[in-house]
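All remarks here apply to the structure that follows.
The values are calculated or read from the model by the stated rules, or taken from the named source; none is laboratory data. Predicted model, so just to flag it, every value in this text is computed and none were measured. When we count neighbours, we look across all protein chains shown, and the Cβ atoms used for this are built from the backbone with ideal geometry, even at glycine. We work out accessible area using only protein heavy atoms, side chains counted, and drop any ligands, DNA or RNA first. Shrake-Rupley method; radii C 1.70, N 1.55, O 1.52, S 1.80 Å.
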Amino acid sequence: MEKRQELYAGKAKSVFATDDPDRLILHFRDDTSAFDGRRMESLARKGKVNNRFNAFIMGKLAEAGIPTHFEELLSDTECVVKNLDMLPVECVVRNIAAGSLVKTLGVEEGSELDPPTFQLFLKNDELHDPMINESLAETFGWATPEQLAEMKALTFRVNEVLKQLFADGGLLLVDYKLEFGVFQGQIVLGDEFSPDGCRLWDAETREKLDKDRFRQGLGGVIEAYEEVGRRIGVSFD
Ligand SMILES: Nc1ncnc2c1ncn2[C@@H]1O[C@H](COP(=O)(O)OP(=O)(O)O)[C@@H](O)[C@H]1O
Ligand SMILES: [Mg+2]
């Protein structure tokens, strides 16, 4: 596999072409952003920690039969993935109220959501990732009704796998965001699953161990990611 030109530099990762048009290399950088990219900082070890974390989670999801783009780790900060046609829609499942749900609906932070909720957001930093729905996605061609149904079903299946995995490590999976794309006509999970895109709380103390530490200036961001990783069996060496 030969690494070719950089195709895109996002807020946290860079995407490179390879000699295989069906494969890309994702490079996880130390860059950390919040508030739609308005706050940026470099956090030592983050690229490596998230690359390893993501590889571990994608492996668990694949074992559970969920189609993912992940192929293999290439280095500490790089992995090989399938080249997906990404859909500009973010799928969110919430088990416990936090973040924008608390702000926009006035729900109390920490209340259990039963059943868990599913939300769609448009992936668009300039518009601050507005909440959308199936009807808007269909009208504007962001995803077809069939693709939306598949993404919703897969996002809930991910919940069943990961809620248990984190619970075994004494952690609450509060919420998470997934991005999907199309590969050879099939909906496939893309992007990353790391503490950058989910909320994880200690089950006993409810201490935040995810990117909210960065957003809220709590410090110890990467130490928290490593703690979560250790508890679920991710190897960072
Ligand atoms: N398998 C894939 N194929 C094509 N694009 C992908 C794949 N996985 C992730 N991406 C895209 O690559 C970019 C990853 O970089 P990131 O730093 O997260 O960017 P962003 O700032 O757009 O969120 C995202 O735009 C994401 O949608
Ligand atoms: Mg991103």
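Modelled spin-label separation between GLU63 and LYS11, with each label point placed 7 Å from Cα along the Cα-to-Cβ direction: 3.1 nm. Solvent exposure of the range 3-82, expressed per residue, is 45 Å² of accessible area, with all protein chains present and a 1.4 angstrom probe. What's the center-to-center distance, using Cα atoms, between the range 107-123 and the range 154-216 in Å? Each part's Cα centre sits 13 Å from the other's. At q = 0.08, 0.11, 0.18 Å⁻¹, what is the log10 ratio I(q)/I(0) for the chain, with the Debye formula run over Cα points and no solvent? Debye output, listed in q order: -0.28, -0.54, -1.67.
Surface calculation, 1.4 Å probe, protein heavy atoms: ASP114 sits at approximately 130 Å² accessible.
Placing dummy labels 7 Å off each Cα toward the beta-carbon, the span from ALA167 to ARG4 is 4.6 nm.
Surface listing: VAL81, VAL102 arranged by accessible area from highest to lowest gives VAL102, VAL81, probe 1.4 Å. Semi-axes of the equivalent ellipsoid for the range 85-220, computed as √(5λ) from the eigenvalues of its C-alpha gyration tensor and ordered from largest down, come to 26, 17, 14 Å.
Normalising the Debye intensity of the range 3-82 to I(0), with uniform scatterers on Cα atoms only, and taking log10 at q = 0.12, 0.23, 0.27 Å⁻¹ returns -0.36, -1.09, -1.23.
In the complete set of protein chains, residue-level accessible area for SER100 is approximately 50 Å², probe 1.4 angstrom. For MET86, the solvent-accessible surface with a 1.4 Å probe is about 90 Å², rounded to the nearest 10. By Kyte-Doolittle mean hydropathy of at least -1.0 and Cα axial length of at least 18 Å, which whole DSSP H helices of the chain are selected? TM-like helix candidates: 46-63, 145-168. With the full set of protein chains in place, find how many percent of the accessible area of the chain is carbon and sulfur; take the probe as 1.4 Å. C and S atoms contribute 49 percent here.
Bridging of LYS3 to lysines at a Cα separation below 20 Å is possible for LYS13, LYS48, LYS82, once same-chain residues fewer than 8 apart are set aside.
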